[in-house]
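The values are calculated or read from the model by the stated rules, or taken from the named source; none is laboratory data. Everything numeric in this text was worked out from a predicted model, so none of it was measured. Quick reminder, even Gly has a Cβ in these numbers, built from the backbone with ideal geometry, and neighbours come from all protein chains shown. Accessible surface areas use protein heavy atoms only, side chains included; no ligands, DNA or RNA. Shrake-Rupley method; radii C 1.70, N 1.55, O 1.52, S 1.80 Å.
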Amino acid sequence: MRILPAYPLFVKDPNFSLWSVSDCLNESNTTAWFGAEKKIYGFIKTGGVTYCFLGNAADFANCGVRKAEQTALKVTSFTTEYAFRAGEAFLRLRFVSPVPPTDLELMSMPVCYLTYSVTGDDNAEVSLFVNRRIAYNDIPENTNKTVRGGVIPFDGFESAFLGLRRQLPLSNNNDLMGADWGYWYLAGETAYILDESDLATYLVGGRKDFGNRGEERFLGAVNRSKEGRILLAFDEGVSTDYFGDYLRGYYLERHTIGEALTYVYAHTAEIDRELESFDLDLRGRAARYGEAYLHILYASLRQSVAAHKLVSDHEGNLLFLSKECGSNGSIATVDVSYPSMPLFLLYAPELVRGMMRPILRFARMPVWQYDFAPHDVGAYPSCIGQLYGVKCDGGHYHGNYTQRASVHTQIPLYLLPPAFEPYNLSRQMPVEECANMLVMFLACARADGNDAFFFANRDLCDKWVQYLVKYGLFPEDQLCTDDFTGHLKNNLNLAIKATVGIAAYAALTGDTSYRTVAEDYARKIREFIDSHTSSPLTWDSDDDTFSLKYNLAFDKLLGLGLFPKEFLEKEVDTYLTKTARYGIPLDSRRAYTKSDWLMWVACLTDETEKRKRILAPIDAFLRESPDRVPFSDWYETEDGRHHEFIARSVVGGSFILLCGEAPSPAKEQSGK
């Protein structure tokens, strides 16, 4: 049964994110989130026959391997679960990615695992094999792609490890790529390094006396227990260049990879209970909206967390660094953090502050001369200064820093002097990012009662709110987060965002003058929209246009009261008349939509049935889209085809309906 367009198997962060792109686990090979094959094969030996349950079984047909029959598929918050029949044996599998945002130690521990149970054969053998290509990408500039590794004995289990002979830390400041550095670990009852011919002899005859002479290496783990686990881990060494400070991941800054493997191997059952408790709570929170909403949340949770890397700076402050997956690879993008925010506001507001800290630091650097907020602080995985909108003109050439097709390392833009003037102002998002940051400040303060973070950065916010007052009501021709639809002057949705941003600043400071400005702007916006039968796209539009005013959401959620309930309900009613098979178009210019903004629009109404009418097409998109990629937030409402964006963190916005709501008691069957 189709559940998702792609299924998360082992996901932790942008460089540790492995998926299945078919409904049957053994009909295609595992891929990275961006589509490159990262082959992992799983087998069960039973009754003298070898069956494949993971990876393309056809790859080993010449070894006499049969394809196990998949009989069940299920997805929960942190697991993707399967059942198979292999001869007289029955195999149950759980691919577990422990990324609960409520437990930062576990969330950042770079280990995922597979648990299994076998019935019908007490002598069955379960194995996993990981191809060497997990350790690198294409590396065009490096022809030496040989790997090295070995096997480490631990107390009660073994782990094989493998990585490139020539490590290239932080070498890929690119979008659709993983790491060309670090070491991968595969742990089970017994572990091996083997080559392609060794794997063939094991599959045919079960021999494990591996010669290991070929270059096509594999990590291997073989278990004989009826119930057990196999662990996959990744130690990337250096996780980010944070303005000159080379930082390790949050967990590995405090522990070793060996400690991570040992802990997970010994405490798998305990981790499972923690994850199941989270899942039960989530089912309770989502119960009023039915199975469609729970399904969307399950599709969103692991993906959103795993599009980030958690580190801490040298002062111990959390940094939650997003990768702008499938859209340009930027790191810590403000207009990616803003739509991602609901998931993390709900469970860990400090992670939202961790999204904001890199922007705040860069905004204070000499090269950033502007009185509006930056867009990003570099290209993942390096925080080296905003790359969006860097000049590439002939008169003042600064280099094509963001060319996707090549592999390169960015220069440290943050070190440039102000006179260098590296940025093209027409490629900035000033109203968008200023308002986003101010709303995020208030949302964090309301979530946990801590406004000290805002007051420590009030000097920047003072500049940003003044920018919004000056330019926010009638935004000039400029980019916004929906820039793929083209530039707009007098963008009404952007004017709403600016107005909410000004009100957020007023709520934080108690400054009534800014509250007065926000109320005045909101009144003018309401009167203009109310004078039309649709919800116009711009201040210059007539009744032939409309757009989703998703920026109204945080006016309601933060209780700012700029736009009354009657106005919001009328907006939703207008949007619902535009509904296509897979959702409501983003605006009247094109038929495509953004799933994150649809979720934000759903929270504008207080009527559960209206919310369900918005949710149902998104659920249908997940079940029916012809494109087998991780949850895309940008897709066509008529045929479900996606546009570029895949595996992005913004699907965390799906949790917006739960913000501010008390959980309901969950029923065990609601997750089935």
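Structure above, values below:
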read-out	value
Between helix 608-624 and the chain: long-axis angle, C-alpha atoms, 0 to 90°, nearest 10	40
Descending semi-axes in Å of the chain, equivalent ellipsoid built from Cα gyration tensor	44, 28, 21
Cα-based reach from Lys565 at 18 Å (exclusive), listing aspartates and glutamates while leaving out same-chain residues under 8 positions away	Glu519, Asp520, Glu527, Asp530, Asp555, Asp573, Asp606, Glu607, Glu609, Glu661
Trp634 accessible area, assembled protein chains, probe 1.4 Å, Å²	20
Interchain or long-range residues, amide H under 5 Å from Ser322's placed H	Lys309, Ala332, Thr333
Over the chain, relative contact order from alpha-carbon pairs under 8 Å, at least 6 apart, %	13
Normalised convex hull volume, segment 481-581, alpha-carbon set, Å³ per residue	112
Under Karplus coefficients 6.51, -1.76 and 1.60, residue-wise ³J(HN,Hα) of segment 11-19 in Hz, glycine/proline x	10, 9, 7, x, 9, 9, 8, 10, 10
Average Cα contact separation per residue, segment 36-77, under 8 Å, 6 or more apart, as relative contact order %	30
Per residue accessible area of the chain, 1.4 Å probe, in Å²	34
Whole-number percent relative contact order across segment 81-173, with pairs defined as alpha carbons under 8 Å at least 6 apart	18
With eigenvalues of the C-alpha gyration tensor scaled by 5 and rooted, segment 65-138, Å	27, 18, 11
22 Å Cα-Cα threshold exceeded, pairs from Lys323/Lys549; Lys489/Lys549; Lys524/Lys610	Lys323/Lys549; Lys524/Lys610
Rounded to 10°, Cα long-axis angle of helix 349-363 versus longest principal axis of the chain	70
Solvent-accessible area of Asp209 with every protein chain in place, 1.4 Å probe, in Å² to the nearest 10	110
Accessible surface of His487 - all protein chains present, 1.4 Å probe, nearest 10 Å²	80
Exposure ranking of Phe484, Phe84 by accessible area [1.4 Å probe, largest first]	Phe484, Phe84
Solvent-accessible ranking of Arg165, Arg217, largest area first, probe 1.4 Å	Arg165, Arg217
Long-range amide H partners of Phe154 with built H, under 5 Å	Ser159
Per-residue HN-Hα couplings for segment 112-127 [Karplus 6.51, -1.76, 1.60; θ = phi - 60°; Hz; x = Gly/Pro]	10, 8, 10, 9, 8, 9, 10, 10, x, 7, 6, 10, 5, 10, 10, 9
Between helix 512-530 and the chain: long-axis angle, C-alpha atoms, 0 to 90°, nearest 10	90
Anisotropy class of segment 547-672 from Cα gyration tensor, a/c 1.5 cut	oblate
³J(HN,Hα) computed for each position of segment 591-598 - Karplus, 6.51 cos²θ - 1.76 cosθ + 1.60, integer Hz, glycine/proline x	8, 7, 9, 10, 5, 5, 6, 4
Which of Lys45, Lys612 is most accessible, then next, and so on - probe 1.4 Å	Lys612, Lys45
Low-density loop cleavage sites - GluC sites (Glu not before Pro) in segment 538-617, where at most 13 other Cβ are within 10 Å (DSSP)	Glu607
Trypsin sites (Lys or Arg not before Pro) restricted to segment 295-379 and DSSP loop, no more than 11 other C-beta within 10 Å	Arg364
Semi-axis lengths, Å, segment 154-227, gyration tensor of Cα atoms, sqrt of 5 times eigenvalues	28, 16, 11
